[in-house]
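Where a number appears in this text, it was derived from the coordinates with a stated rule and is not lab data. Model, not experiment: these values are computed from the prediction. Virtual Cβ from ideal backbone geometry, glycine too; neighbours counted across all protein chains shown.
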Amino acid sequence: MKINQLNKFHALRGMAIATTMVAGLGFGRVQASALRDLDGDGIPNISDADVDGDGKLNGQDRNVDGGVAVSGPFKGKHIGDALANGAPAELDIDADGLPDTSDAELDIDGDGVADDSALEQDIDGDGLKDVSDLETDIDGDAVSDTTDSDVDGDSVDNSTDTDVDGDGVTNATDTDVDGDGQDNATDDDIDGDGLVNADDTDEDGDGVVNVDDSDANGDGLDDNGDNGGGGGGEN
């Protein structure tokens with residue numbers, strides 16, 4: 001299982017490195033990211049399933065890049081930071097050298113599951129499920145989901161993302177498209193694209209323009225005559 005998991009990490013991180021180079025961020029930046037090894041175990045952070053060597057896999061670690069190492073050259077010592085994954089000051093949760101806001105960062109918490117995967121249920125690794133009403137910053141970039149132009153941190157703008165909040169439920173069937181804790185029926189910007197519903201030609205972000213959408217406001221009810229949605233609504 002460990003080998004399979006590490007292979008998964010290498011594949012995902014390889015994509016991140018390639019994306020960084022294409023984005024023109026420079027080979028030096030890529031090389032520096034690849035050489036970071038917080039726990040000194042010989043595995044770069046960018047592909048390490050346990051970045052801080054504290055015995056907790058990144059996906060279960062609430063501070064991915066900080067803890068007491070249980071093995072390696074720093075055994076028994078606290079290494080890294082003391083910032084929880086969800087802390088506003090934590091700008092690179094997995095210490096891979098890619099800021100969590102970077103378009104090249106495809107796996108913010110370094111758990112080996114891509115941020116845009118339906119299998120990723122806690123993008124920033126803060127212990128709150130992305131679908132939870134308590135989760136107000138899904139991608140952990142210190143920008144509230146109510147104002148974030150890329151709620152799930154998958155580098156796809158909300159305006160073109162088919163699953164804005166990255167919860168594995170497509171916008172077309174999601175009752176809270178932008179993951180801000182407000183049901184579509186009461187949200188003044190359903191898809192979190194920065195346009196209020198009244199000015200948005202596709203208010204629920206399902207790829208169907210309001211005039212052709214039988215449920216324009218994404219509340220799960222047919223819009224025949226409904227004043228609450230762009231195409232009408234339920235009586």
TODO: For the range 142-235, build the charge dipole from Cβ charges (+1 Lys, Arg; -1 Asp, Glu) around the Cα centre, then report which of T173, T146, N210 sits farthest towards its positive end.
DONE: N210
Open item on the list: Could you give each residue of the range 54-67 its phi-based ³J(HN,Hα) in whole Hz, using Karplus coefficients 6.51, -1.76, 1.60 with θ = phi - 60°, and x for Gly or Pro?
Closed with: 8, x, 10, 4, 3, x, 10, 9, 7, 9, 4, 9, x, x
TODO: In whole angstrom, note down how far apart the Cα centers of the range 50-92 and the range 161-204 are.
DONE: 34
TODO: Report the extension gain between A172 and S144 in nm, rounded to one decimal, defined as 0.36 nm multiplied by the number of residues separating them, less their alpha carbon distance.
DONE: 7.8 nm
Task: Farthest toward positive dipole pole in the range 41-106 [+1 Lys/Arg, -1 Asp/Glu at C-beta], among P88, A69, L57 - done: A69
- [ ] Return the FRET efficiency for the residue pair V208, A118: r is the Cβ-Cβ distance, R0 is 22 Å, and the value is rounded to the nearest 0.05.
- [x] 0.55
Task: Gained length - T186 relative to A87, 0.36 nm times residue gap less alpha-carbon distance - done: 32.8 nm
Task: Where the Cα pairs of the range 97-164 fall when distances are cut into 10 Å bins, in % - done: 24, 60, 15, 0
